[in-house]
1. Restricting to segment 105-133, name every residue that is modelled with pLDDT under 95 and either in contact with a strand residue (DSSP E or B) (Cβ under 6 Å, 6 or more places away or on another chain) or surrounded by 15 or more Cβ atoms within 10 Å (Cβ to Cβ) (or both).
2. Out of all the residues in segment 126-141, which are of a type in the set (A, V, I, L, M, F, W, C) and in contact (Cβ under 8 Å) with a residue 40 or more places away in the chain?
3. For segment 45-66, give me the residue count where each residue is in a helix (DSSP H, G or I) and within 10 Å of the chain's Cα centre (by Cα).
4. In segment 11-38, which residue that is in a helix (DSSP H, G or I) and polar (S, T, N, Q) is surrounded by the most Cβ atoms within 10 Å (Cβ to Cβ)?
5. Can you confirm whether segment 66-77 contains a residue that is among the polar types (S, T, N, Q) and buried (at least 18 other Cβ atoms within 10 Å of the Cβ)?
6. Does LEU57 satisfy the criteria of being surrounded by 14 or more Cβ atoms within 10 Å (Cβ to Cβ), touching a Gly at 6+ places or on another chain (Cβ under 7 Å) and in contact (Cβ under 8 Å) with a residue 24 or more places away in the chain?
7. So if I check each of GLU75, GLU32, GLU6, which one is more than 14 Å from THR123 (Cα to Cα) and in contact (Cβ under 8 Å) with a residue 60 or more places away in the chain?
8. Check segment 83-97 and report whether any residue there is part of a loop (DSSP other than H, G, I, E, B) and at pLDDT below 95.
Amino acid sequence: MNQLQERIETLSLNGLHCSQVMLMLAQSLTGEDEAPVIAAMGGLGGGLYSGFNCGTLTGGCCLLSSYCARGSIDEQDKYPYKQMVANLAAWFEDTFGSVNCGDLVSTNPIERREKCPKLIEATFAKCLELLEAAGIDPRGE
């Protein structure tokens, strides 16, 4: 098991949802520790707890936006990110066959424990790829 897989497993086993894990991974790259952001991401888990859009995907979209979108009304977007988000969504659907949590995994916790970390790992890697292709250092440097 590589370091990324171990980190995903540790975060997941400690009760964080897929969307939260996605942002925790990004924060570990930048050295940030923004608990309110991680808490807010909790609402995206389990496909909005309704089997809708996968929390890994929506977490990935938030991850990309966290590097690129403005953070206040006084700022401008740092990078054009909307196409990156659209590219991530298209890639996710092409790769996994659906964007909906209910289609990807059942409510069975054992199945989720097996499938979700793989979704998270692949999606996090894709987010890093998209950021780097746009000339953005995921470490925030």
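The values are calculated or read from the model by the stated rules, or taken from the named source; none is laboratory data. Note that this is a predicted model, so its numbers are computed, not measured. Note that we place each Cβ from the backbone using ideal geometry, even for glycine, and neighbour counts take in every protein chain shown.
1. Within segment 105-133, VAL105, ARG112, LYS115, CYS116, PRO117 qualify.
2. Filtering segment 126-141 down to residues of a type in the set (A, V, I, L, M, F, W, C) leaves 127-128, 130-131, 133-134, 136.
Residues satisfying the conditions are CYS127, LEU130, LEU131, ALA134, ILE136.
3. We begin by selecting, within segment 45-66, every residue in a helix (DSSP H, G or I); these are 45-51, 55-66.
This time we only want the ones that are within 10 Å of the chain's Cα centre (by Cα), so: 55-64.
Result for segment 45-66: 10.
4. Filtering first and then ranking leaves SER19.
5. The initial filter retains those residues of segment 66-77 that are among the polar types (S, T, N, Q), namely 66, 72, 76.
Checking the rest, the ones that are also buried (at least 18 other Cβ atoms within 10 Å of the Cβ) come to 66.
Yes, because at least one residue in segment 66-77 is among the polar types (S, T, N, Q) and buried (at least 18 other Cβ atoms within 10 Å of the Cβ).
6. When the stated conditions are applied, LEU57 does not pass them.
7. Details: GLU75 fails: in contact (Cβ under 8 Å) with a residue 60 or more places away in the chain; GLU6 fails: in contact (Cβ under 8 Å) with a residue 60 or more places away in the chain.
Answer to the check: GLU32.
8. Let us first name the residues in segment 83-97 that are part of a loop (DSSP other than H, G, I, E, B), namely 97.
Those left that are additionally at pLDDT below 95: none.
Taking every residue of segment 83-97 in turn, none turns out to be part of a loop (DSSP other than H, G, I, E, B) and at pLDDT below 95.
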